[in-house]
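Asks: Quick one: this structure, given as structure tokens, is what I'll be asking you about.
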Amino acid sequence: MVSCRAMHILTVYVTVVFTLTSFVRSHNEENLYQAKDNLPTMGPAKSVRYLLYDVNPGEGFNLRRDVYMRVANLVKFLNEDEPWILVLPPWGRLYHWQTTHLSAQTKVQWKYFFDVNSLALHVPVIEFEDYLKAVGKPEIDEVYYLQRYKEGWTKWEEKIDIRECVDPPRYQKDSDGKWRGQFFGYEEVYAKKFECMSSQAYLLTFKPFLMKNTTGRSVFLDRAENMIHGQYSEWSREWWTARRSMVFSKHLRDVADKFRQEKLDSNDKDDKTELEVWTQMKRKHGDAKGGPYVAIHLRRKDYLYSHAKEVPSLENAAKIAKTFLKKYKLKKLFLATDANGDDLTHFEKMMKGYEVYYHKVFYPEMTEYFDGATAIMDQWICAHARVFIGSHVSTFTFRIHEEREILGFDQETTFNRFCGDDEPKDCEQPTKWKIIY
Ligand SMILES: Nc1nc2c(ncn2[C@@H]2O[C@H](COP(=O)(O)OP(=O)(O)O)[C@@H](O)[C@H]2O)c(=O)[nH]1
Ligand SMILES: [Mg+2]
């Protein structure tokens, strides 16, 4: 005899699997390079739970991508024992996204930036909109706001504790007893329970807490950047697996690929950078050749102040770029930057004798996209260059390094950075993180 509760659980499970599968399927059709029979399964027929998260509002796009890897791996480890689905936090209003004519840069779904089916080949994921549909009301059961320990810490030890909020939290209880907060700008969304949680812990430490100390069907971890990779950092297979699943969305890759072909004589066949489903893709260093251009990421804006010592003047950046162009016997330079228009013109003047390309001027169509999308296209084009020079400790640059590791470039062509004017000419170069399968 099947009990009423078991029936309910089964129904919920079947509904979720169906929603998830049809959702993933519709994306498969848009993203034809994906294997259609490689859909995620949900494991045993237990009632599925949802993990939601958000990040400190001040953090940029590329650190957020790193936080995604932590949460995705937490969900992966949870799924070894219970079925959990990761709810993708909508994108919006990032500090750097200042393009004024694009006021619609809120509640942006992940499918706009990433190939959601590729993410789903790592862990079960759904968009926030689909989560709302699946649960049928704008409700989240439990919110935990990760914070530091009030007393600070003297020695490293792993711990998490429910504590009083150290700073005034961005959540308030309304007269109905519902917790109101940011929730990605969805004003109707509320939480039933809210707690501040002091944490000094690796991502894996949250697993027993989520399984034993919470009962909510949906649990939201805010300020998830406080969760640390621990043993699942850059040197681990787990980190790289999560990273490899973060394939950019096809519609953005297509625009960038068109730019590569039309302006930079670059295409996957000649460059030896053809994509496969990430789970089947395994390249060796040196397999990729790259297009006939040098790409640079020249970070300006806030880095001019926060990393003044390591940011080169435009004069020096041009000088270094020319050294690479000569060494690799190339004529074309692709410039990815957040510099302003005057700087761009100035830089171009100094590059006389070479062809300088950047998306804003040479591909006006690209400016129709969100700032996050143009950033991705810039990263994609940098990832396919014969050789790349990046900016010191920029996560924008780091994500390009990783993309090139995935594509199989010789590390000599990837892990280069500009030195600041007062640094030695052979300043310390970026750590060569090696991809692990
Ligand atoms: N299109 C474009 N945007 C950039 C570039 N460099 C920085 N940005 C913008 O500035 C943001 C930088 O913030 P973040 O992603 O946190 O990287 P980080 O601050 O360099 O570590 C990016 O997300 C972009 O919106 C670039 O080369 N091209
Ligand atoms: Mg940043």
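Asks: Does residue 256 satisfy the condition of being in the same structural domain as residue 336 (by TED's automatic domain parsing) and either surrounded by fewer than 18 Cβ atoms within 10 Å (Cβ to Cβ) or touching an Asp or Glu at 6+ places or on another chain (Cβ under 9 Å) (or both)?
Replies: For residue 256, the condition - in the same structural domain as residue 336 (by TED's automatic domain parsing) and either surrounded by fewer than 18 Cβ atoms within 10 Å (Cβ to Cβ) or touching an Asp or Glu at 6+ places or on another chain (Cβ under 9 Å) (or both) - is met.
Asks: Taking the condition of being over 16 Å from residue 417 (Cβ atoms) and among the hydrophobic types (A, V, I, L, M, F, W, C), how many residues in the range 315-332 meet it?
Replies: 2
Asks: Testing residue 408 on (1) without any contact (Cβ under 8 Å) to a residue 12 or more places away in the chain; (2) of a type outside the set (Val, Ile, Thr); (3) on the phi > 0 side of the Ramachandran plot, one condition comes back false. Which one is that?
Replies: (1)
Asks: Then there's this: Looking at the range 418-426, is at least one residue under 21 Å from residue 330 (Cα atoms) and open to solvent by less than 20 Å² (accessible area, probe 1.4 Å)?
Replies: Checked the range 418-426: at least one residue is under 21 Å from residue 330 (Cα atoms) and open to solvent by less than 20 Å² (accessible area, probe 1.4 Å).
Asks: May I pose another question? Look through the range 376-398, keep the residues that are open to solvent by 10 Å² or more (accessible area, probe 1.4 Å) and within 16 Å of ligand 2 (Cβ to nearest atom), and return whichever of them is farthest from residue 302 (Cα to Cα).
Replies: Of everything passing the filter in the range 376-398, 398 is farthest from residue 302 (Cα to Cα).
Asks: Being more than 16 Å from ligand 1 (Cβ to nearest atom), open to solvent by 10 Å² or more (accessible area, probe 1.4 Å) and either at pLDDT 95 or above or out of contact with any helix residue (DSSP H, G or I) (no Cβ under 6 Å at 6 or more places or on another chain) (or both) is the filter here, so list the residues in the range 40-69 that pass it.
Replies: Within the range 40-69, 41, 43, 44, 46, 49 meet the criteria.
Asks: Residues that are assigned to a loop (DSSP other than H, G, I, E, B), over 11 Å from residue 146 (Cα atoms) and without any contact (Cβ under 8 Å) to a residue 12 or more places away in the chain: does the range 187-210 have at least one?
Replies: Among the residues of the range 187-210, at least one is assigned to a loop (DSSP other than H, G, I, E, B), over 11 Å from residue 146 (Cα atoms) and without any contact (Cβ under 8 Å) to a residue 12 or more places away in the chain, which makes the answer yes.
Asks: Could you name every one of the helices (runs of 4 or more DSSP H) located completely within the range 110-170 that has at least 3 residues being closer than 14 Å to residue 86 by Cβ?
Replies: Where helices (runs of 4 or more DSSP H) fall fully within the range 110-170 and carry at least 3 residues being closer than 14 Å to residue 86 by Cβ, they are 116-120, 128-135.
Asks: Picking from 308, 373, 336, which residue would you name as being within 16 Å of ligand 2 (Cβ to nearest atom), open to solvent by less than 20 Å² (accessible area, probe 1.4 Å) and outside the structural domain of residue 59 (by TED's automatic domain parsing)?
Replies: Result: 336 is the single residue among 308, 373, 336 that is within 16 Å of ligand 2 (Cβ to nearest atom), open to solvent by less than 20 Å² (accessible area, probe 1.4 Å) and outside the structural domain of residue 59 (by TED's automatic domain parsing).
Asks: Kindly indicate the residue of the range 363-409 that is within 12 Å of residue 430 (Cα to Cα) and in a loop (DSSP other than H, G, I, E, B) and also nearest to ligand 1 (Cβ to nearest atom) among those meeting that condition.
Replies: 394
Asks: What number of residues within the range 143-165 are out of contact with any Ser or Thr (no Cβ under 6 Å at 6 or more places or on another chain) and open to solvent by less than 90 Å² (accessible area, probe 1.4 Å)?
Replies: Selection size over the range 143-165: 8.
Asks: Output the number of the condition that residue 102 fails; it satisfies all remaining conditions of (1) more than 16 Å from ligand 1 (Cβ to nearest atom); (2) modelled with pLDDT under 95; (3) surrounded by fewer than 18 Cβ atoms within 10 Å (Cβ to Cβ).
Replies: Failed condition: (1).
Asks: Tell me yes or no: at least one residue of the range 276-298 is part of a loop (DSSP other than H, G, I, E, B) and within 14 Å of ligand 1 (Cβ to nearest atom).
Replies: no
Asks: Here is a check on your reading of the model: is residue 232 open to solvent by 70 Å² or more (accessible area, probe 1.4 Å) and either under 23 Å from residue 62 (Cβ atoms) or of a type in the set (A, V, I, L, M) (or both)?
Replies: Criteria not met by residue 232.
Asks: When residue 292 is evaluated against the numbered criteria (1) open to solvent by 30 Å² or more (accessible area, probe 1.4 Å); (2) closer than 30 Å to residue 420 by Cα; (3) within 19 Å of the chain's Cα centre (by Cα), which criterion, by number, is the only one it fails?
Replies: (3)
The values are calculated or read from the model by the stated rules, or taken from the named source; none is laboratory data. Note that this is a predicted model, so its numbers are computed, not measured. Reconstructed Cβ throughout: ideal geometry from the backbone, glycine too, with neighbour counts over all protein chains shown. The accessibility values were calculated without ligands, DNA or RNA, using every heavy atom of the protein model including side chains. Shrake-Rupley method; radii C 1.70, N 1.55, O 1.52, S 1.80 Å.
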